[in-house]
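Down below is the structure, laid out as structure tokens.
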Amino acid sequence: MCGRFALTLPHDAMAQLFDAVPSNALPDLPNYNICPTNLVHAVHVLEGQRRLVAMRWGFLPHWYKTENGGPLLINARAETIAEKPAFKAACRERRCLIPATGFFEWTKDEDGNRLPWYIHPADAELLVFAGVWQDWERDGVAHRTCAIVTTGANERMSAIHHRQPVTLRPEDWALWLGEAGHGAATLMQAVPEDAMDFYRVDRRVNSNRASGRELIEPIEG
């Protein structure tokens with residue numbers, strides 16, 4: 001599962017990192033509380049060129065008659081992505097990279113209170129999620145939409161949640177984007193145990209209206 005994340009790297013730094021042409025209309029940064037249906041940054045390949053663009057987080061299959069015409073598809077399970085009608089074409093033909101500084105997951109205490117955790121790369125400034133994308137248009141409303149691919153959590157991460165986003169190393173980006181031939185399915189697995197660190201953050205982030213750097217600052221307890 002990945003239902004909320006943060007991104008702080010400036011647009012020009014991301015364009016350089018990904019060797020991508022940036023769109024003129026990218027979401028504002030930094031954003032410490034990116035939520036489903038928000039516009040997110042994504043890298044995909046069009047006409048042989050990597051592009052850094054905005055996509056709506058929440059994949060809309062072509063058969064949805066409205067934006068809320070079915071379940072909100074923010075994640076795609078690695079185990080079934082190649083067979084699910086919503087995702088199977090995108091898995092073959094429309095893969096993307098979704099950058100993040102870190103993401104949030106929740107546990108519950110003995111009273112049922114939701115306790116947020118911030119998960120971030122142990123030795124890098126950026127996570128890159130594996131994603132899939134889909135153009136959707138109906139009655140004059142058009143979106144380029146995406147979902148984050150998830151897989152079973154490694155042992156350390158499973159202390160917080162049983163699933164985690166598929167994250168890609170720089171040497172894997174070309175394969176996921178379809179620039180380096182076939183075999184992208186081999187990338188859909190959990191990262192090594194020591195690839196990510198995590199810590200508790202303030203429960204303010206439980207609200208999708210919360211904002212500010214303090215959302216990713218560690219707290220005691």
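The values are calculated or read from the model by the stated rules, or taken from the named source; none is laboratory data. All values reported here derive from a predicted model rather than from experimental measurement. Ideal geometry is used to build each Cβ from the backbone, glycine not excepted, and the neighbour counts take in all protein chains shown. We work out accessible area using only protein heavy atoms, side chains counted, and drop any ligands, DNA or RNA first. Shrake-Rupley method; radii C 1.70, N 1.55, O 1.52, S 1.80 Å.
Tabulated data
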| item | result |
| --- | --- |
| Enumeration of residues in segment 8-54 that are among the polar types (S, T, N, Q), more than 21 Å from Gln134 (Cβ to Cβ), assigned to a loop (DSSP other than H, G, I, E, B) and open to solvent by less than 60 Å² (accessible area, probe 1.4 Å) | Thr8 |
| Residues of segment 7-59 satisfying the condition of being in contact with a strand residue (DSSP E or B) (Cβ under 8 Å, 6 or more places away or on another chain), free of Cβ contacts under 8 Å to residues at least 40 places away in the same chain and among the charged types (D, E, K, R) | Asp12, Asp19, Arg51 |
| Selection from segment 129-151 of residues that are farther than 17 Å from Arg56 by Cα and without any contact (Cβ under 8 Å) to a residue 60 or more places away in the chain | Asp139 |
| Unique residue being open to solvent by 30 Å² or more (accessible area, probe 1.4 Å), out of contact with any Leu (no Cβ under 7 Å at 6 or more places or on another chain) and under 30 Å from Thr66 (Cβ atoms) when the list is Arg169, Arg213, Arg156, Arg138 | Arg138 |
| Only one of Ala185, Ala190, Ala142, Ala210 that is more than 16 Å from the chain's Cα centre (by Cα), in a loop (DSSP other than H, G, I, E, B) and aliphatic (A, V, I, L, M) | Ala210 |
| Residue tally, condition under 15 Å from Trp133 (Cα atoms) and open to solvent by 50 Å² or more (accessible area, probe 1.4 Å), over segment 68-79 | 2 |
| Residue match in segment 94-104 (condition: open to solvent by less than 30 Å² (accessible area, probe 1.4 Å), within 22 Å of Leu73 (Cα to Cα), in a loop (DSSP other than H, G, I, E, B) and touching a Ser or Thr at 6+ places or on another chain (Cβ under 6 Å)) | yes |
| Residues that are among the polar types (S, T, N, Q) and in contact (Cβ under 8 Å) with a residue 12 or more places away in the chain, drawn from segment 184-221 | Gln189, Asn206, Asn208, Ser211 |
| Contacts under 9 angstrom Cβ, first residue in segment 85-101 being under 11 Å from Gly131 (Cβ atoms), partner at pLDDT below 95 and crowded, with 21+ Cβ neighbours inside 10 Å, 6 or more apart | Ala100/Cys2 |
| Top-ranked residue in segment 164-182 [being in contact with a helix residue (DSSP H, G or I) (Cβ under 9 Å, 6 or more places away or on another chain) and assigned to a helix (DSSP H, G or I); ranked as farthest from Leu126 (Cα to Cα)] | Leu175 |
| Residue in segment 185-195 that is modelled with pLDDT of 95 or more, open to solvent by less than 20 Å² (accessible area, probe 1.4 Å) and either over 16 Å from Ala100 (Cα atoms) or not hydroxyl-bearing (Ser, Thr, Tyr) (or both) present | no |
| Residue match in segment 198-207 (condition: open to solvent by less than 30 Å² (accessible area, probe 1.4 Å) and in contact with a helix residue (DSSP H, G or I) (Cβ under 9 Å, 6 or more places away or on another chain)) | yes |
